[in-house]
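The values are calculated or read from the model by the stated rules, or taken from the named source; none is laboratory data. It should be emphasised that the depicted structure is a prediction, and the values quoted were computed from it without experimental measurement. Using ideal geometry, Cβ is built from the backbone for each residue, glycine included, and neighbour counts are taken over all protein chains shown. Protein only, heavy atoms only, side chains kept; ligands, DNA and RNA dropped before computing areas. Shrake-Rupley method; radii C 1.70, N 1.55, O 1.52, S 1.80 Å.
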Amino acid sequence: MDLNTVAAVVHPTTRDQLPVWTAGDAWLAGGTWLFSEPQAHLTRLTDLTDLKWPALAISETGLSIAATCTVAQLDALACPPEWIASPLINQCCSAFLASFKIWKTATVGGNICMSLPAGPMISLSSALDGVCTIWQAGGGERKIPVADFVTGDQRNVLAPGDLLRQIEIPLAALRRRSAFRQISLTPIGRSAALLIGSVTRDGRLALTITASTKRPVRLSFEGIPNSKELGEAILQRTADDLYHDDVHGKPIWRKHMTLRLAEEIRVELQDTAYA
């Protein structure tokens, strides 16, 4: 899609060179959504690729993912063997159900900032206790968990001019045993429910509900709950109006599938033990 209202594209190489945000501005990274439909309100794009942020960095504390890291780069990451949660990376990347062109262009940060209920990078990073670093428009930065970053369907905490810099995944989350469940209304459709469960070394269960809900829902349990406890916790934390409603699934069906997939995860993880 040609964006014929855009009069300028700027290419900063450092944070100091980022232009003062004004009405009509937009950040440009992969651009897979930006160029997919008319954007008549836009007059200037700020291309983030010349900032040359390292796509991925492994450290003693975990994994740092640049907002400009592409889906293909993340999926190709060679993870240390002790990262037993690493299969989630490919599982969530595959939930895009997109062509290789999209994988090589779409960015992790773009998917999170779009804040669609079915955003699989939201699912992955929120389930792994990811923390966003935000460059604030007025200077300085703030950190916020990915699970709190998204506040609703295409809504998040970013103020005009704020920029998502990176997502940090702690080492402890990458070392947890995990279980993944995803379903779509059609064989190649958008995710209607995507749930991830993980168990810590001390036996605590964390369950993250996405796609079926308008924003991520995180549930924590002291141990593996029984079926009734799990179901009641989900019903208490996810009011009916929190379930998403579109052509990819009605709320009542999404609610049913959320409860079903959560129970499958519970059963899979209940006998998990660490050597």
Write out, first by first residue and then by second, each pair whose Cβ atoms fall under 8 Å of each other, whose residues are 6+ apart or on separate chains, and whose first residue, in the range 62-81, is free of Cβ contacts under 8 Å to residues at least 12 places away in the same chain while the second is surrounded by fewer than 17 Cβ atoms within 10 Å (Cβ to Cβ). none
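Condition check ((1) closer than 22 Å to I102 by Cβ; (2) open to solvent by 40 Å² or more (accessible area, probe 1.4 Å); (3) not in a loop (DSSP other than H, G, I, E, B)) across all residues:
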position: N4; (1), (2), (3): no, yes, no
position: A26; (1), (2), (3): yes, no, yes
position: G31; (1), (2), (3): yes, no, no
position: H41; (1), (2), (3): no, yes, no
Does the range 112-132 include one or more residues that are of a type in the set (S, T, N, Q), over 11 Å from the mean Cα position of the chain (by Cα) and modelled with pLDDT of 95 or more? no
Would you be able to tell me the number of residues in the range 7-23 that are surrounded by 12 or more Cβ atoms within 10 Å (Cβ to Cβ) and in contact with a strand residue (DSSP E or B) (Cβ under 6 Å, 6 or more places away or on another chain)? 3
So which strands (runs of 3 or more DSSP E) stay within the range 122-164 end to end and still have 3 or more residues that are open to solvent by less than 10 Å² (accessible area, probe 1.4 Å)? 131-135
Before we move on, is S59 within 17 Å of the chain's Cα centre (by Cα) and either within 15 Å of L164 (Cα to Cα) or of a type in the set (S, T, Y) (or both)? no
Restricting attention to the range 12-35, the residues that are over 24 Å from the mean Cα position of the chain (by Cα) and of a type in the set (G, A, S) number exactly 2
Would you say R218 is free of Cβ contacts under 8 Å to residues at least 12 places away in the same chain, surrounded by fewer than 19 Cβ atoms within 10 Å (Cβ to Cβ) and assigned to a strand (DSSP E or B)? no
Being within 18 Å of the chain's Cα centre (by Cα) and at pLDDT 95 or above: is that true of H256 here? no
Quick one: which residue in A179, A85, A78 is out of contact with any Pro (no Cβ under 7 Å at 6 or more places or on another chain), assigned to a loop (DSSP other than H, G, I, E, B), modelled with pLDDT of 95 or more and crowded, with 19+ Cβ neighbours inside 10 Å? A85
If you check T49 against the conditions, is it within 24 Å of the chain's Cα centre (by Cα), open to solvent by 60 Å² or more (accessible area, probe 1.4 Å) and closer than 25 Å to F100 by Cβ? yes
Could you please give the count of residues in the range 261-271 that are without any contact (Cβ under 8 Å) to a residue 12 or more places away in the chain and either polar (S, T, N, Q) or surrounded by 15 or more Cβ atoms within 10 Å (Cβ to Cβ) (or both)? 0
Restricting the search to the range 237-252, which residues are closer than 19 Å to R181 by Cβ and either of a type in the set (S, T, Y) or loosely packed, with under 14 Cβ neighbours inside 10 Å (or both)? T238, Y243, I252
Just one of I234, I196 is crowded, with 17+ Cβ neighbours inside 10 Å, more than 19 Å from the chain's Cα centre (by Cα) and in contact (Cβ under 8 Å) with a residue 24 or more places away in the chain; which is it? I234
